[in-house]
Structure formats: structure tokens, C-alpha cells
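The values are calculated or read from the model by the stated rules, or taken from the named source; none is laboratory data. This structure is a prediction, so every number in the text was calculated from the model and none was measured. In this analysis, Cβ positions are derived from the backbone assuming ideal geometry, glycine residues included, and neighbour counts consider all displayed protein chains.
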Amino acid sequence: MGYKAALKIWRGDAGAGQLADYDVEVNEGEVVLDVLHRLQATQATDLAIRWNCKAGKCGSCSMEINGRPRLACMTRMSVFSPEETLTITPMRTFPVIRDLVTDVSFNYAKAREIPSFTPPPEVKPGEFRMRQEDVNRSQEFRKCIECFLCQNTCHVIRDHAENEGAFAGPRFLMRVAELEMHPADIADRREIAQDDFGLGYCNITKCCTEVCPEHIKITDNALIPMKERVVGRKYDPLVWLGSRITRRGAKDTPAVPGGR
Amino acid sequence: MTDEIKRYSYDVVVIGAGGSGLRAAIEARLQGKKTAVISKSLFGKAHTVMAEGGCAAAMGNRNPRDNWQVHFRDTMRGGKFLNNWRMAELHAKEAPDRVWELEAWGAVFDRTADGKISQRNFGGHEYPRLAHVGDRTGLEIIRTLQQKVVALQQEDAVEFGDPEAMIKVFAETTITELLSGDGRIAGAFGYFRDTGQFVLFETPAVVLATGGIGKTYKVTSNSWEYTGDGHALALRAGAKLLNMEFVQLHPTGMVWPPSVRGLLVTESVRGDGGVLRNSEGKRFMFSYVPDVFRPQYAETEEEADRWYADPDNNRRPPELLPRDEVARSINSEVKAGRGSPHGGVFLDVSTRLPADEIMRRLPSMHHQFKELADVDITKEPMEVGPTCHYVMGGVEVDPDTGAASVPGLFAVGEVSGGMHGSNRLGGNSLSDLLVFGRRAGLGAAEYVTALASRPAVPEAAVSAAAAVAAEPLERPEGENPYAIQGELQVIMHDLVGLIRRESEMKTALVELDKLRARAAQVSVGGGRAYNPGWHVALDLRNMMVVAECVAQAALERQESRGGHTRDDYPGMSPEWRKVNLVCSLEPSGPSGAVSLRRQPTPAMRTDLLELFDLAELKKYMTDEELAGLPGATETSAEGTH
Ligand SMILES: Cc1cc2nc3c(=O)[nH]c(=O)nc-3n(C[C@H](O)[C@H](O)[C@H](O)COP(=O)(O)OP(=O)(O)OC[C@H]3O[C@@H](n4cnc5c(N)ncnc54)[C@H](O)[C@@H]3O)c2cc1C
Ligand code: SF4
Ligand code: SF4
Ligand code: FES
């Protein structure tokens, strides 16, 4: 059932680039990444692609295929008709390094701003006791393979680079939620979620959830519950009175100094 | 700009950001050393991310009878007693602490009913022992270590005003050469993938944590990173590789469609109840239980099925034999014409567990088969066959510190050798990464502390490394590196694969010789910036020398053991158990001049030998070796068949 697929692939670097046309053989059962590899091995040895596991586990091969953010290794060629021309471009939100490879360092910088897991100091390794139902939610978020497709898709930063300072993006707001819902974490990141990570910018459009290859319910299970918790925090009369008594008795945890 | 070499200076440089590299780097930083972590891929995407089933540690959460001695025994049996016993001992003793430590750093493992870390069954492990998170345990481990690095950087930001003051990650950076001064490690040379600029890390201590060699084979579960870089770097720096003939073929890789051939199907499928059947519907593994394992494995399907619920009173199903046994059995079934339509056998969980249970325990397997093969594993069986998975051979190291024979060089994780003997048990790699990652980090830190002076990097060596790295780009004409890589993979797969023969391996060595000459003449188009063709050309140099080591060692070892099966020497020989095969490079020869030497295996401590029945030891060891043990002489007639 082999056929030749017509591809338009964005070639270029930070300076300039354009779509280039290729015809590449496609065999039964192949994914887009296979076809890009064949192109690389036969016609364009220097075509830049980022990939690693080829099994949807590492989150390296994010790109836009016919305008849709996807993992190239998990996109089967059979979802397109043989006549269709495939247009393959790099993720739009991040600066291009070369061809289909983008500079995703924004995400690593955001990760460093979030106060890390903070267990009670008296619990020693080996002493943690947590019930499965209490860790289910954090585990859902920890399925994240950091493909950054949600970051790429969220309209708050997709066409608004000016928001990048104030908004951590769905992946990292979800990281905040993951820690807040971790049964053994005692820090309180609600205030900084709003003030430093821009939870308020999210208007729950769910575009991030739609593109997540891990099918994590980012909006419903992480962002909306975080918004509810933040509201609870802001109108907590005790907090308003300036009391130190917050959830679990901890103080607000500040954003990490020097993290930016 | 690309002509200028960027220079950094560190106390410890860790090459590799998988589980072992990150754990080593964390330890070096905790010891107060200024540490760099280097990785070919992005931070958090190293190969460890692909590990599925779990991490073995005798915590005894599901069966209180488990302890380090039982884990040690299982590990030695799995490796057919060729393991470095000291490594196996340290590993079994320290794995629980390393897992608990991860939990304190934020890992969220699956739980038991009483809130502890859950543990699952796996091939070769007597009790449920693998800490796990569904079937994405590697992701959890790498993410936890990544986040621990970040936590340390946050501390450093407070203390030094710079998060990268004490530990910095150089992602998408490839090391092509280690540099020495006065016979000691002095630095590491490489390039940044994004710009192609060269970089020199001046450092007295290098920890190799580069993973495996799977990309030298055509059908593999491994990714592009696994080109044996660390193995080759160590050789060129003067270190030795141990027992490179032992390459693990995982019994269950996907066989169809062709584009995913080799992709792993986790052993948890079998640990959780999945069974292997041939085209006649028969659970064929019952016919393949070798003598040494008979006492521990069920003889009937009924007993095997009872084992899942009542492991104390029943023996385990033969599907859970060590991997080498299962891989060979599948191979025999296919050869006998009882295979599945695409040349594998059937792995079925659909008739063994309810659909929702499959979805809960094996979500990523369900996803993988659904998305990539249109197979719903809750409704139909999978087709599976052997795939190149893991290399037991690797850099010879000191068990306690991870130090290689070259001062300042350390190795840990899949790139190191010895721990797993001739065959690794599933789940024993992730624990290996943590136990020896910490030890190598400590070892490197102590080495640096004890140094009176730091060796200088000779400038001539820097320019030489730069010249070698630039060659494929500068050569106006030559062969395509992808094509040569493809040929190499076919040679190894066809001639030094699962079942090996003298004549074929001799052919392989001849073919490798020819290919080496061509590999030295490849040329790539394009520039230095993110140019995969260039990257493949440079990796090829490492793959060639590693392939040579595997082929030479495989030809030399005239017996079958673990991940080395000889058609012409089908038996396991106690005499060969006493032999380690060691590869090194001839100091002055061309880069392919591998020399191979036999070296005696270290004698096991008596208290460890006494953990086994004498009758069992006699299946593996010679009478002289056992002479010192009580009762050794009386029973000498038993168990030697
Ligand atoms: C599909 C799959 C499933 C598995 N499942 C399990 C399991 O359930 N349990 C288990 O115990 N084991 C499992 N294993 C085995 C285990 O995952 C690996 O052996 C282990 O992760 C290797 O870790 P590592 O730290 O040695 O190296 P890796 O995690 O492979 O990391 C290697 C690192 O070195 C870097 N590197 C390599 N060369 C260079 C260079 N020249 N310059 C710079 N950086 C370099 C890479 O970029 C990478 O960062 C599995 C393996 C596979 C393939
Ligand atoms: S739901 Fe929020 S975070 Fe997600 S895409 Fe919409 S605005 Fe962005
Ligand atoms: S949340 Fe989903 S889309 Fe976002 S980075 Fe993680 S895996 Fe990717
Ligand atoms: S290559 Fe790993 S997710 Fe696609």
C-alpha cells in the first residue's frame, strides 16, 4: 500500500525560512515521524527534527501538522488521505532554532519559579503513608510528558509574547495544582498562582486540554479547581484579618527568589 | 562565532541526564561540588523516561518475607552468577533507601491498601518487588530527579543569587571526546547541538552515564541516543569494557506494523497476568523451563494461575522466567512454524483481566497498541517478538565508587558493566541507576576532594578533538552516514543477534572491518547548526567500535549464558563462569583496534555463597570453587547435569 506523500515542510532558522516541497514514500502503518526520518535519510540529511522515544513517552517531537499541534511519533499517516498535502511547521509559540526544532527554554525557566515539593520536615523517607485515592489527582498531572503542546496552544501566549512574563502557561499552572493537591505537601502556592503565575489570565477555553497527548484534563481537573482554591484563599476572612492561620497552618509560600 | 571554543570549568562533569546521571549529579552537588550535567536530548527526556514496569527494591511492602538477601539471590540467578557479586550485594541492600528517598523528593508511586508504595511482580523476582507508577515508572523517576535538580537550583538561587551556581544542565549538548592530562581525566570536549559550536569542559572528574548501545541493532526498543557513546569514550580514554557479548533481547517487542517493530511491550503485561500463546493457542512456555529453574516454576496452567492470588503455596508461571529464557523460547516457536501472522507469538491479557483493570494497570500499553497498531488489548491479543533492549556489558568499575581504571573517570547506569552479569532482571536497572548513581556521585566528589592538583587539558588534544568532529562536514564527498548506520544495524542483527554461530560472527568481523573504512569517509551536507546528519556521522564512530567489541567478545565466549546464546555451544559451562572478557583499545592502533583479554571473575564472599543451596551452586560453579563450603564434598554427584 506504499504511496508517495506530498509534504510541505518549514525549513529555515531564527532569521528566515519558507515551506519546502518534498515527495516521500509512505508505507503501511507509518507515523509522520517515520516519513520525516525517511526524508532525512534519503533527501535532506540536515533536516532538523527533535525526537527521542518514538513512542509518545518523551514529549520531544512536538510540531504542527496541518496547523494542528501534535506529536509526530503518534500521528499515523493513515489519518490523512494519500492525496492530501501535509504541511508541517514548528510550534508557533516558541522561537525557531532550525526547521522543526524550537527553543523551549521558556518552559524550563517557568518550572524553576515554582516552589518545589515541601513535605513536613518531621516525616522521614520511608514513612510516607498516602492512600491511592488521595494521590490519584497528582498522578494524573504527573503523566505529563512535557511536550509543551499545551503551552504552544494557549492563546494567552500563542500570539502574545508580551504575556510570557506574567503567565506560566497550562503545564506549569498544572504543576502548581499537582503540588497543591499532593497529600504530603505543606506549602501554600495559591497566592503566587494568581499573582506570579497568572492563573487569572486563563479564561478556561480548554484548548490546552484538547491538544494534550496524555489526555490530561488540564482545565477541568487542574485549572478550574486551582481557581476555586485561589478564590477561597482571597476571601478567607482569617487571611483577610492578617492571620497566619491558613490551610495546614503554613504561611504563603513566596515565589522562588532569583528564579527569574 | 562557531570557530571559537566555549570553555567551562567544573569540579564534576556528568555525561548523561538519565536516572543514573541525574542521581550522580545530585549527589556531587550535595557534596558541595560544582557540577555540570550534559545530555544529548532535552532535560527530562533521556532514555530513562521510557522505562515502564518499575524499579526493584526489597521493601517488603506486599510480601514481608522479601529482603535484600532474596533480592540478591534473584539477581545472581538472573545473571547466571556472572554478576559482580559486590555490586549485586550493594544494589540489593541500598535500593529500598533510594526509592524512599525519591518519595521524599516528590515521587508519587502507586499505593498499597495500607498507604505504602505498591510493588508488582516481574520476571525472575521471587516476590512482588517493583515500585511502580502504572506503566510509566521511568517518567516518574526522571521527573522526580529533574525536579530535585530544580529544587537544589532554587536553594542555590537564594544562597548565591544564581540558580546555576552549583549545578547546571547543558541540554542538547554532545560530548565527542574525553581529554586526559598526565594519565588522568582533565576534560570533556563536545558541541552544542543547536548552534554546532564546540565546547570544552575542564574538569578533573567525569561520570559517564550515557546509557546503552541498542542502536547498533536493527530491531530495538532503544532510541537514537543509544549509540554507545559512553562505552566508546571510555575505551578511547584508556578504560576497559567488561563482557560486551551480553546483550539482552527483551522477549516482547511489537512486531507490527513495521515502523514500530521493536518497540517495547512492558513485562508488566506478564507480571499482571498476561500469557504467551503460539498459533495453536498453546501456552508454550511450560515446555521451556530449564533445569536450573524447575523448582521455582509451575508445571501446570492451573498451578500457574493460582499463583497470582496465592504465591506462597504455588509456583510462578513460566511466562515470568528471566528474559533470556523467554526470548529464546519465542524464537524457537517461531522457527518451528508456530508463530503469529507477522512473525511473533501472541501475548494475551484480554482473556485474563477485565477491561477496566487492564486500562488501570496498563494504560500506556493500551494507548500504544491502539494508536500505533489499531489493536485493542482489552479485546484481542498482541503480537510480540524479541527486541534488542539492554546491554549488560559496559565499563569496568569499582563496585563501591563507580571508578573506572582511568583516574578521574567514573561510570554508572547502563554504560557500566558487572552488576547484571549475563542477564539483567526487569526492574533492576532503575534501582541500579539510583544506587550506583549516588555512589558514583560520592566517588567522584571524594576523588576531587583528595586531588592535590588538577590536571591541565593539553591544547593539542583540544584541537585534535575539534578536527575529528569537524571532518564529516568538511569532507567534500563521501557516503551518507544514515546508509552506513543502516548497514551496521543489519550486520549486528543478522550475524551477532539472538542466536550466534562462529562462522557468522567471523563474517560479521570481516564486514565490520570493511564498514569501518567507509564510516571513516562519510560526508554530510548543511552547516553546523542542528544538523542531524552530522550528529549521526559522529555517533557512527562510537557505534562502530562498540559493535566490534560485542562481536569479538561473542566469538570468544564458547558457551551459552544469559544474553549470549551460541548455537554451536548450547550449554552453560562452570569453567566459563570464571571468565570475564575485557575489551580495550590498542594504545597506538587505529580506532577500531580492539583487543580482547580473559580475566578471572572475583571470588564470591562465603557468607553470600551460603545464601544458596549447595545443589544450586553446583549447577553454576566448579567443585574447586565450592570446596571451602560446608558439605561441599559429600554431595558432589548431585545437580551437575
Ligand atoms: C522501553 C524501555 C523500557 C524499560 N523499562 C524498564 C523498567 O521497567 N525497569 C527497569 O529497571 N529498566 C527498564 N528499562 C531499562 C532502563 O530504562 C535503562 O537501562 C535506564 O533507564 C538507563 O538509564 P541511564 O541513566 O543509564 O541512561 P539514560 O537514561 O539512557 O540516559 C543516557 C543519557 O546520556 C546522554 N548521552 C548519551 N551519549 C551522550 C554524549 N555523547 N554526550 C552527552 N550526553 C550523552 C543522553 O542524552 C541521556 O541523557 C527499560 C528500557 C527501555 C528501552
Ligand atoms: S484553558 Fe486556560 S490555560 Fe488552557 S488554553 Fe484556555 S486559557 Fe490557556
Ligand atoms: S500537560 Fe499535556 S500537552 Fe501539556 S506539556 Fe504535559 S503532556 Fe504536553
Ligand atoms: S519522540 Fe518521544 S514523544 Fe515523540
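Quick notes on this structure:
- Every listed requirement among (1) assigned to a loop (DSSP other than H, G, I, E, B); (2) in contact with a helix residue (DSSP H, G or I) (Cβ under 9 Å, 6 or more places away or on another chain) is met by B:L608 save one, (1).
- From the options B:R73, B:R65, B:R86, residue that is surrounded by fewer than 22 Cβ atoms within 10 Å (Cβ to Cβ) and under 19 Å from the mean Cα position of the chain (by Cα): B:R86
- Residue among B:E414, B:E446 that alone is within 17 Å of the chain's Cα centre (by Cα) and part of a helix (DSSP H, G or I): B:E414
- Meets criteria (in contact with a helix residue (DSSP H, G or I) (Cβ under 9 Å, 6 or more places away or on another chain), surrounded by 21 or more Cβ atoms within 10 Å (Cβ to Cβ) and farther than 26 Å from A:E191 by Cα) for A:T153: no
- Matching residues in region B:417-432 - criterion: being closer than 12 Å to B:A88 by Cα and not in a loop (DSSP other than H, G, I, E, B): B:N428, B:S429, B:S431, B:D432
- Of the strands (runs of 3 or more DSSP E) lying entirely inside region B:1-58, not one is found with 3 or more residues being within 16 Å of ligand 3 (Cβ to nearest atom), of a type in the set (K, R) and at pLDDT 95 or above.
- Residue within region B:518-532 that is within 14 Å of another protein chain (Cβ to nearest Cβ) and part of a helix (DSSP H, G or I) present: yes
- Region A:109-158, residues that are within 16 Å of ligand 4 (Cβ to nearest atom) and of a type in the set (D, E, K, R): A:K143, A:E146
- For first residues located in region A:18-45 and over 24 Å from B:W256 (Cβ atoms), partners that are surrounded by 21 or more Cβ atoms within 10 Å (Cβ to Cβ) and modelled with pLDDT under 95 and lie 6+ apart or on another chain with Cβ distances below 6 Å form the pairs A:T45/B:V524; A:T45/B:G533.
- Checking the stated criteria, A:G198 turns out to be modelled with pLDDT of 75 or more and not charged (D, E, K, R).
- Residue count for region B:305-328, restricted to those that are in a helix (DSSP H, G or I) and within 22 Å of B:G385 (Cα to Cα): 9
- One residue stands out among those in region B:141-179 that are assigned to a loop (DSSP other than H, G, I, E, B) and farther than 13 Å from B:S39 by Cα: the one that is farthest from the other protein chains (Cβ to nearest Cβ), which is B:M166.
- Selected residue (criterion: nearest to ligand 3 (Cβ to nearest atom)) from residues of region A:174-221 that are polar (S, T, N, Q) and assigned to a helix (DSSP H, G or I): A:T209
- On inspection, B:A508 passes the criterion of being assigned to a helix (DSSP H, G or I) and in contact (Cβ under 8 Å) with a residue 40 or more places away in the chain.
- Listed by first and then second residue, the pairs with beta-carbon distance under 6 Å, at least 6 apart or on different chains, first residue in region A:133-150 and of a type in the set (S, T, N, Q), second in a helix (DSSP H, G or I), are A:S138/A:E178.
- Residue within region B:467-478 that is under 30 Å from B:W85 (Cα atoms) and in a helix (DSSP H, G or I) present: no
- Hits in region A:108-151 - residues which are more than 8 Å from chain B (Cβ to nearest Cβ) and small (G, A, S): A:A109
- The residue of region B:62-106 that is farthest from the other protein chains (Cβ to nearest Cβ), among those that are of a type in the set (D, E, K, R) and under 24 Å from B:R23 (Cα atoms), is B:R86.
- Residue match in region B:251-266 (condition: crowded, with 24+ Cβ neighbours inside 10 Å and among the charged types (D, E, K, R)): no
- Condition met for B:V406 (within 20 Å of the chain's Cα centre (by Cα) and touching a residue at least 24 places away in the same chain (Cβ under 8 Å)): no
- Those residues of region A:157-184 which are more than 26 Å from A:T118 (Cα to Cα) and either more than 10 Å from ligand 2 (Cβ to nearest atom) or touching a Cys at 6+ places or on another chain (Cβ under 7 Å) (or both), in sequence order: A:D159, A:H160, A:A161, A:E162, A:N163, A:E164
- Selected residue (criterion: modelled with the highest pLDDT) from residues of region B:166-186 that are among the small types (G, A, S) and closer than 10 Å to B:G408 by Cβ: B:A186
- Test: residue in region A:50-73 that is of a type outside the set (S, T, Y), farther than 21 Å from B:S364 by Cα and within 9 Å of chain B (Cβ to nearest Cβ): yes
- Residue that is nearest to the other protein chains (Cβ to nearest Cβ) [pool: residues in region B:112-122 that are surrounded by fewer than 24 Cβ atoms within 10 Å (Cβ to Cβ) and part of a loop (DSSP other than H, G, I, E, B)]: B:G115
- Where B:E101 falls short, out of the listed (1) among the charged types (D, E, K, R); (2) assigned to a loop (DSSP other than H, G, I, E, B); (3) closer than 30 Å to B:L611 by Cα: (2)
- In region B:349-397, residue nearest to the other protein chains (Cβ to nearest Cβ) [restricted to those that are part of a loop (DSSP other than H, G, I, E, B) and polar (S, T, N, Q)]: B:T378
- Tabulated pairs, region A:206-232, first free of Cβ contacts under 8 Å to residues at least 40 places away in the same chain, second within 16 Å of ligand 1 (Cβ to nearest atom), C-beta under 7 angstrom, 6+ apart or interchain: none
- Tallying residues that are crowded, with 23+ Cβ neighbours inside 10 Å, near ligand 4 (Cβ under 6 Å from one of its atoms) and among the polar types (S, T, N, Q) within region A:47-78 yields 1.
- Filter pass, A:M91 being more than 23 Å from A:T209 (Cβ to Cβ), within 14 Å of another protein chain (Cβ to nearest Cβ), of a type outside the set (G, A, S) and more than 16 Å from ligand 1 (Cβ to nearest atom): no
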